[in-house]
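The values are calculated or read from the model by the stated rules, or taken from the named source; none is laboratory data. It should be emphasised that the depicted structure is a prediction, and the values quoted were computed from it without experimental measurement. Glycine gets a Cβ as well: all are built from the backbone with ideal geometry, and neighbour counts include every protein chain shown.
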Amino acid sequence: MQAGRPTIILDVDGGELGCAEMLQGALLGSQANGSTGLDIVLATSEPQQAGELVAELFGNPQGSGQCRVSVAAARDRLPARIDSPVEAFRAFPGSSIRVAMDCARDTPHSVVISPGSTGLVMTTAMFTLGRVKGIDRVPIGTPMPSRGHELFFVDGGSNVDCKPAHLHQFALLAHLYMQIARGLPRPRVALLSNGSESYKGNALIREAYQLLEQDPDLNFVGYTEGHTMLSGEIDVMVCDGMIGNILLKGAEGIAEFMIESIKQEIKRDPLAALAAKLLMGRAFKRFARRLDYTQFGGAPLLGLKGNVVICHGRSPAVAIKNAITVGARLARSEMVQRVEEFVVARNLARPNGQ
């Protein structure tokens with residue numbers, strides 16, 4: 001099912017690399033995804049600078065049928081440090097992320113893309129867009145490289161205290177995302193645990209195992225462990241947000257360590273460096289690219305009554321471009337409507353999530 005012309009709403013102020021880098025990413029994203037038409041809204045507290053950059057990069061965007069670009073002015077500039085997302089949401093009602101979410105709420109087939117504070121993005125999304133009725137928690141769906149293809153895991157860090165029912169819903173949301181947005185008819189779903197046997201795990205994991213195993217809509221394949229999750233044998237991995245965030249940051253740190261260690265060892269021996277450049281240069285580049293977070297673009301928030309993609313705070317232009325690809329796919333697929341239909345069909349929309 002394909003929706004109409006998508007609107008990409010970019011939280012320009014959220015990026016640490018500045019307005020110019022964000023708009024360069026918007027340009028790359030429009031070139032990569034605008035073949036069927038694309039609208040881009042730039043939410044920023046520096047509308048004049050953004051407007052000048054739009055004119056420089058896009059030429060006459062208002063007159064282009066392939067990509068139309070507009071600027072939404074934000075009257076508040078968020079501080080560099082945010083201690084409380086809820087307090088920041090209330091204290092800065094005119095921030096760029098608030099303007100972006102307001103625009104998404106009122107615009108069909110839209111998606112917000114933000115490299116801002118994860119906590120603030122989630123808080124603003126919850127207060128402005130709200131959850132799909134029947135969904136108790138909103139998880140972050142995070143892509144990771146695995147053997148042969150991409151692994152999608154939930155939760156990447158938004159819910160640190162979970163109940164078995166929450167993990168079950170995370171699995172269903174990720175299952176729907178892989179079906180609807182990624183075109184995978186029967187994604188293989190696994191639960192992260194400390195062993196492959198069904199009796200492993202703590203009480204939370206064991207109870208969640210029973211729920212996932214008994215769900216006829218899920219292609220549940222059982223437990224996966226830390227050393228098997230990247231084997232390429234699963235498509236979706238489920239865990240709570242605390243474990244997921246530790247896993248994500250640990251993986252980023254290990255990837256950086258491996259790449260730097262390889263570079264250091266090569267530099268120790270000039271002959272080895274020359275041989276590596278001649279014989280293994282392309283392989284090393286492909287290896288580094290597979291571990292590069294910018295290639296994944298961003299992580300979608302699942303279960304909202306709107307589309308939101310969270311990016312790394314220091315996302316360069318290429319990461320923003322790839323995030324726009326993720327967002328445009330979501331906007332075109334009518335993900336929210338499909339989730340709502342699924343929740344109604346499953347009778348999940350019960351009062352207070354009971």
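Quick test for you: out of Leu184, Leu167, Leu151, pick the one residue that is modelled with pLDDT of 95 or more, closer than 17 Å to Phe220 by Cα and crowded, with 16+ Cβ neighbours inside 10 Å. Spell out the reasoning first.
Working: Leu184 fails: modelled with pLDDT of 95 or more; Leu151 fails: modelled with pLDDT of 95 or more.
Going through Leu184, Leu167, Leu151 in turn, just one is modelled with pLDDT of 95 or more, closer than 17 Å to Phe220 by Cα and crowded, with 16+ Cβ neighbours inside 10 Å: Leu167.
Are any residues in segment 8-21 touching a residue at least 60 places away in the same chain (Cβ under 8 Å) and out of contact with any Pro (no Cβ under 8 Å at 6 or more places or on another chain), and if so, which ones?
Within segment 8-21, the subset touching a residue at least 60 places away in the same chain (Cβ under 8 Å) is 8-17, 21.
Those that are touching a residue at least 60 places away in the same chain (Cβ under 8 Å) and out of contact with any Pro (no Cβ under 8 Å at 6 or more places or on another chain): Ile8, Ile9, Leu10, Val12, Asp13.
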*Does Glu197 meet the test of being of a type outside the set (S, T, N, Q), part of a helix (DSSP H, G or I) and surrounded by fewer than 16 Cβ atoms within 10 Å (Cβ to Cβ)?*
no
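Can we say Gly130 is at positive phi and either touching a residue at least 40 places away in the same chain (Cβ under 8 Å) or surrounded by fewer than 18 Cβ atoms within 10 Å (Cβ to Cβ) (or both)?
Values: at positive phi: yes; either touching a residue at least 40 places away in the same chain (Cβ under 8 Å) or surrounded by fewer than 18 Cβ atoms within 10 Å (Cβ to Cβ) (or both): yes.
Judged against the criteria, Gly130 is a match.
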_In segment 213-256, the residues that are at positive phi and modelled with pLDDT under 90_ = Gly232
*Just checking, how many residues over segment 257-276 are loosely packed, with under 14 Cβ neighbours inside 10 Å and touching a residue at least 12 places away in the same chain (Cβ under 8 Å)?*
1
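Could you check segment 1-30 and list, in sequence order, the residues that are among the polar types (S, T, N, Q) and under 16 Å from Ala50 (Cβ atoms)?
Taking segment 1-30 and keeping what is among the polar types (S, T, N, Q), we get 2, 7, 24, 30.
Scanning segment 1-30 gives Gln24, Ser30.
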*segment 39-60 residues that are in the same structural domain as Ile113 (by TED's automatic domain parsing) and of a type in the set (Ser, Thr, Tyr), paired with ones that are assigned to a helix (DSSP H, G or I) and modelled with pLDDT of 90 or more (beta carbon under 7 Å, 6 or more apart)*: Thr44/Val12; Thr44/Asp13; Thr44/Cys19; Thr44/Ala50; Thr44/Ser96; Ser45/Asp13; Ser45/Ser96
*Please note which strands (runs of 3 or more DSSP E) are completely contained in segment 61-151 and include at least 3 residues that are under 14 Å from Leu10 (Cα atoms).*
67-73, 110-114
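Rundown of residues vs (1) hydrophobic (A, V, I, L, M, F, W, C); (2) out of contact with any His (no Cβ under 7 Å at 6 or more places or on another chain); (3) buried (at least 21 other Cβ atoms within 10 Å of the Cβ), yes/no style:
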| residue | (1), (2), (3) |
| --- | --- |
| Gly94 | no, yes, no |
| Arg98 | no, yes, yes |
| Met101 | yes, yes, yes |
| Ser110 | no, yes, yes |
| Pro115 | no, no, yes |
| Thr118 | no, yes, yes |
